[in-house]
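Each remark here refers to the structure printed beneath this line.
Values quoted throughout were computed directly from the atomic coordinates according to the rules given, and no laboratory measurement underlies them. Values in this document were obtained by computation on a predicted structure and should not be read as measured data. Cβ sites come from the backbone with ideal geometry, for glycine too, and all protein chains shown count toward neighbours.
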Amino acid sequence: MRLIDTHVHVNFPALKGEIESVRERWLQAGVERLVHSCVSPGEFDEILGLSVQFPELYCAVGLHPLEADRQWTEGLGTQIAQMAASSNRVVAIGETGLDFYKSESRRQQLESLEAHMEIAHRLDLPMIVHCRDAAPEMAEALRRFQSRVSTPLRGVMHCWGGTPEETDWFLDLGFYISFSGTVTFKNASTIRDSARMVPADRLLVETDCPFLAPVPHRGKRNEPAFVLQVARHLAEAREESLDLLAETTFTNAVSLFGLPDTAGPIAS
Ligand SMILES: [Zn+2]
Ligand SMILES: [Zn+2]
């Protein structure tokens, strides 16, 4: 069985300090590819360095919506585009998106999101979308963008926690839906309802580590090896075998991010 963790932050101190043993465990768990998300372009050199060090780790570049009020400028958008074009280790733009949970910075978030959509479209890279308490606004922004371009934007709704109705909006927009440890939580029946309705060819798994560890590690530090638990719970919710779910989500991630599809971990 092989897996792809489509959303990690292993550069965070909680994981980077022990990166060699963390990597041993992801390889043991069958995690053969990973996509490293980026919260701020200031992290990019470090993340790119990790992706050069570990051949199975690919990276993204972008500005998290909760950083938009402090950091967003048009100049930063230019930098993000340059970073994205600078290396073939970069397989996505993000994470970008909208997070209205506690944030007052809607205007800056929307400006940053617009620029990320432009960059992703221009460079033909998929977007990693973070969306919290903002599904209607997010769907609206994507629809507006899609209506004026000839080749549709591609991307993934990461750490998805939306209702089945909201899930439908993003499936209609052609996006993939990625489930994280939250799908394993006891009170997450809405997320499992959404997980059941995603067509097999649009489904992805992720840890979003070091946050949101899946059951039975809930509340502890999360790491890429735990994507196996996410996949197991997701397969259970969908009444599928783990093997089938692992293989489908592997193939989907390969196709969305343009990753190599060779068997086994990529040799250093
Ligand atoms: Zn996120
Ligand atoms: Zn993230």
ask   = Which residues make up the longest stretch of the chain that has no GluC sites (Glu not before Pro) in a DSSP loop with at most 13 other Cβ atoms within 10 Å?
value = 105-238
task = Pull up the cross-link candidates among the lysines for residue 220, meaning alpha carbon to alpha carbon under 17 Å and not fewer than 8 places away within one chain.
result = 16, 186
query = Once you charge only the Cβ atoms, +1 for Lys and Arg and -1 for Asp and Glu, what is the size of the charge dipole of the chain about its Cα centre, to the nearest 20 debye?
reply = 220 debye
key: the stretch 3-257: relative contact order in percent, alpha carbon pairs under 8 Å with at least 6 residues between   = 20 percent
query = Rg and Dmax of the chain, Cα atoms, in Å?
reply = 17.0, 48
query = From the phi of every residue in the stretch 48-53, what ³J(HN,Hα) in whole Hz does the Karplus formula 6.51 cos²θ - 1.76 cosθ + 1.60 yield, where θ is phi - 60° and glycine or proline is x?
reply = 4, x, 4, 6, 7, 5
Most positive-pole-ward Cα, 210, 82, 98, against dipole of the chain from beta carbon charges = 210
key: Charge dipole magnitude, Cβ of K and R +1, D and E -1 - the stretch 123-268, Cα centre, debye nearest 20   = 360 debye
task = At 0.36 nm per residue, minus the direct Cα-Cα distance, what do residue 255 and residue 1 gain on full extension? Give it in nm, one decimal, please.
result = 89.7 nm
task = In whole Hz, with x marking every Gly and Pro, tabulate ³J(HN,Hα) for the stretch 242-257 from phi via Karplus 6.51 cos²θ - 1.76 cosθ + 1.60, θ = phi - 60°.
result = 4, 4, 5, 5, 4, 5, 5, 5, 4, 4, 5, 5, 4, 6, 5, 9
query = What are the ³J(HN,Hα) values, in whole Hz, obtained from phi via the Karplus relation 6.51 cos²θ - 1.76 cosθ + 1.60 with θ = phi - 60°, for each residue of the stretch 75-90 in sequence order, with x given for Gly and Pro?
reply = x, 5, x, 4, 4, 4, 4, 5, 4, 4, 7, 7, 8, 7, 6, 7
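Could you work out the helix-only [θ] at 222 nm for the chain, with each DSSP H run of four or more residues adding -39,500 (n - 2.57) and the total divided by the number of residues, to the nearest 500 deg cm²/dmol?
-13000 deg cm²/dmol
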